[in-house]
Every structure is written in C-alpha cells, then in structure tokens.
1. From the residues in segment 1-52 that are among the acidic types (Asp, Glu) and modelled with pLDDT of 95 or more, which one is surrounded by the most Cβ atoms within 10 Å (Cβ to Cβ)?
2. Please enumerate the residues belonging to segment 39-61 that are touching a Leu at 6+ places or on another chain (Cβ under 9 Å) and of a type in the set (D, E, K, R).
3. Taking into account only those residues within segment 53-85 that are outside any strand (DSSP E or B) and at pLDDT 95 or above, which is nearest to PHE99 (Cα to Cα)?
4. Could you please find all residues in segment 25-52 being part of a strand (DSSP E or B) and of a type outside the set (Val, Ile, Thr)?
Amino acid sequence: MLKFDKAPASCQCDEDGDAAIKREYIDVVADYLPDGTVRPVSIKVEDGQTFAIAGIISVIHMSATKRNGAETRYYVRIGDREHYLFFEDAPQNRGPRWFVETKRYY
C-alpha cells in the first residue's frame, strides 16, 4: 500500500485524515503448479514498472461475499519491503484478476 506522510490540502479524507483505499488492478506473472497452487513471480504496475517478488511470506484464502467469488491475499516481499497482493477469483462478469490497494487523495 502506498503511504504518504501528509495528505494534500485538497484531500477528501475520512475523520482520521486517512485517504480512501482504491483497488489498482495490475498485471502479474505467476506460476500455476500442478497441485493448483498459484505463486506470483512479478508484478507490473500502472506506470509500466515491473517488480520481482522476492518471496511469499503468507497466503490467506477468503470468500468475497459481495462479489460471489473468492479472494486470495498474498503477503509478499518486493525488494526490501512487504506488501499485500490480492487475487480475485471470478468476480461477477469478469475473469480472475490481480490487484493491490493504494491510497487515493482527491
């Protein structure tokens, strides 16, 4: 998740001064293993930069009741930082896709 020290003056933030969380859908290269395990290898963000995933720290499978599907949350190491990476499995009217959460200031 992207983090800023201080919100811009034009920010429409919540009462704690936090920005809204936004899903940023991204390209992910992943290995699909014979046992059904999915292992992300690298991500490509909106501006075109590609980052290798140095390691997977944990994986949590969750049901997404609002979207009638499932999500898998990967806690991964990219460079010297740790990030959450999400895999949305078959949301309504779409195929599976990957996203990260970012903070958006308005």
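The values are calculated or read from the model by the stated rules, or taken from the named source; none is laboratory data. Note that this is a predicted model, so its numbers are computed, not measured. No Cβ is skipped: glycine too gets one built from the backbone with ideal geometry, and neighbour counts run over all protein chains shown.
1. Looking at the filtered set, the residue picked out is ASP27.
2. ARG39
3. ILE53
4. TYR25, ASP27, ALA30, ASP31, TYR32, ARG39, PRO40, SER42, LYS44, PHE51, ALA52
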